[in-house]
Amino acid sequence: MKRIYNFSAGPATLPLETLQQAQADFVDYQGSGMSIMEMSHRGKHYDAVHQEALANFRELLSVPDTHEIVFMQGGATSQFSFVPMNLLHPGQTADYINSGAWAKKAIAEAKVFGSVNVAADFGKEIPTRQAYADELKLTPGAAYLHCTSNETISGAQIKAFPETEAPLVSDMSSDILSRALDISKFGLIYAGAQKNLGPSGVTLVIIRKDLAEQANANIPEMFKYQTHVANQSLYNTPPTFAVYMLCLVTRWLKAQGGVAAMEALNNRKSATLYDLIDSTDFYRGTALPEFRSTMNVTFRLPTEELEAAFIKEAKAMDMDGLKGHRSVGGIRASIYNAFPEEGVDALAAFMKDFEAKHG
Ligand SMILES: Cc1ncc(COP(=O)(O)O)c(C=O)c1O
């Protein structure tokens, strides 16, 4: 078996142990004579997996009783619509921070449902940073403030979340479970699974109970948060295999020491790359230093030709997925929770060699 270092932004590297466990369980789950994928979502085997995954998230993120955890489908992209559909009430305005490509998409969808105020706008530049709390132009009585915790494309991450009167809503698709958070400060958090949590196909949502209860009622049943809350994410058939993988990944996270251990590891892994970038003029970090993501390390080389050579040579050394997003170019090393530290060290060694050769 050969495993390469996969720096893809998502779907992304999963813990090897979870893949091996899934392989062992694949055809005959716990002596049932069936795969977990073939079982009723109302049966005892699947129910145990589903409840364990929910409980593991509550434990790992210290989610208080004031908040519900639900599994939904449609990716984070559907949440761009679900959030305003549920929480932007008639006559209200929603505040959004435009921190880059993902925030921009969320804003466009919110405008379909109501009035939007862009509280800070970095959408016109190539985004390299997030907003400081004191530069936000907030709407009194806003339905909520939406922010993108980590802009996966630019590699700019919020380091201190704003304190707001309005409920704080955050797209945490690319950094959920990567660092400790006070969940009580958030009205709603959503995250597609395929970066830090598991395979694609399931979306994690954490919502304050009162917000789910007071959501707009004149929307389809499937699109109401309260429907999924009331039915413990079993209103319809959930993506059972994806939830099973969430269960394995959350078990793995607990065994690693939980979010505190991940945060320390992520700080260490990203510092290895940023320290190297800062030690030379050959590599230039894309995000401003105070907003540098611990998940997506973005940087440029002196020319696009050198960037193409970098990606090609890295690939020949079994390091794949380093090409920056097509909208910004450059290099992006995505190093989520499950990405091994040895892979980061291998990339750093390669970067030094590449500079020695081409610098
Ligand atoms: C921050 C962020 N938000 C939203 C999305 C879209 O997620 P999905 O493909 O699950 O709809 C992504 C995907 O890369 C992302 O990185």
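Nothing in this text is a laboratory measurement; each read-out follows from the coordinates by a stated rule. Source: prediction; values computed, not measured. Counting neighbours? That spans all protein chains shown, and the Cβs are built from the backbone with ideal geometry, glycine included.
Neighbour counts of C-beta atoms inside 10 Å place 151, 304, 17 in the sequence 304, 17, 151, starting with the fewest. Shown for the range 40-145: lysine pairs separated by 8 or more places, or found on different chains, whose C-alpha atoms are under 21 Å apart, numbering 7. Over the chain, DSSP H runs of length four or greater, each weighted -39,500 (n - 2.57), average out per residue to a 222 nm ellipticity of -12000 deg cm²/dmol.
When +1 charges are put on Lys and Arg Cβ atoms and -1 charges on Asp and Glu Cβ atoms, the dipole computed for the range 258-358 relative to its Cα centre reaches about 280 debye. Pairs over the 21 Å Cα-Cα cut-off, from the set 195/269; 195/312; 269/323; 159/254: 195/312; 159/254.
A Gaussian network model of the chain, with springs between Cα atoms under 10 Å, assigns the largest mean-square fluctuation among 124, 185, 159 to 124.
Quick check: the distance between the Cα centres of the range 1-34 and the range 244-301, to the nearest angstrom? That distance is 22 Å. Under 12 Å of direct C-alpha separation, and excluding same-chain neighbours fewer than eight residues apart, residue 185 reaches these aspartates and glutamates: 163, 165. For the peptides 29-39, 318-328, the ranking by packing is 318-328, 29-39, with the highest mean count of neighbouring Cβ atoms within 10 Å listed first.
If R0 is 30 Å, the Cβ-Cβ spacing of residue 108 and residue 342 corresponds to a FRET efficiency of close to 0.15.
Residues 50, 146, arranged from fewest to most other Cβ atoms within 10 angstrom of their Cβ, appear as 50, 146. Overall, the range 211-288 carries a charge dipole of about 240 debye about its Cα centre when +1 sits on the Cβ of Lys and Arg and -1 on the Cβ of Asp and Glu, all other atoms neutral. In order along the range 54-71, phi translates into HN-Hα couplings of 4, 5, 5, 4, 4, 5, 4, 9, 6, 6, x, 5, 6, 10, 9, 10, 9, 9 Hz, rounded to whole numbers, per the Karplus curve 6.51 cos²θ - 1.76 cosθ + 1.60 with θ = phi - 60° and x for Gly and Pro. The residues packed around residue 106, meaning those with a beta-carbon under 15 Å from its beta-carbon, carry a net charge of -2 if Lys and Arg are +1 and Asp and Glu are -1. Relative to one another, the C-alpha centroids of the range 69-88 and the range 169-195 are positioned 13 Å apart.
Projecting label points 7 angstrom from Cα along Cα→Cβ for residue 235 and residue 275 puts them 4.9 nm apart. Among 269, 137, 2, the ranking by other beta carbons within 10 Å of each residue's beta carbon, starting with the fewest, stands as 2, 137, 269.
Take each peptide in 110-117, 349-356, count the other Cβ atoms within 10 Å of every residue, and average; sorted highest first, the result is 110-117, 349-356. Computed extension gain for residue 134 through residue 306, at 0.36 nm per residue and net of the alpha carbon distance, reaches 58.0 nm.
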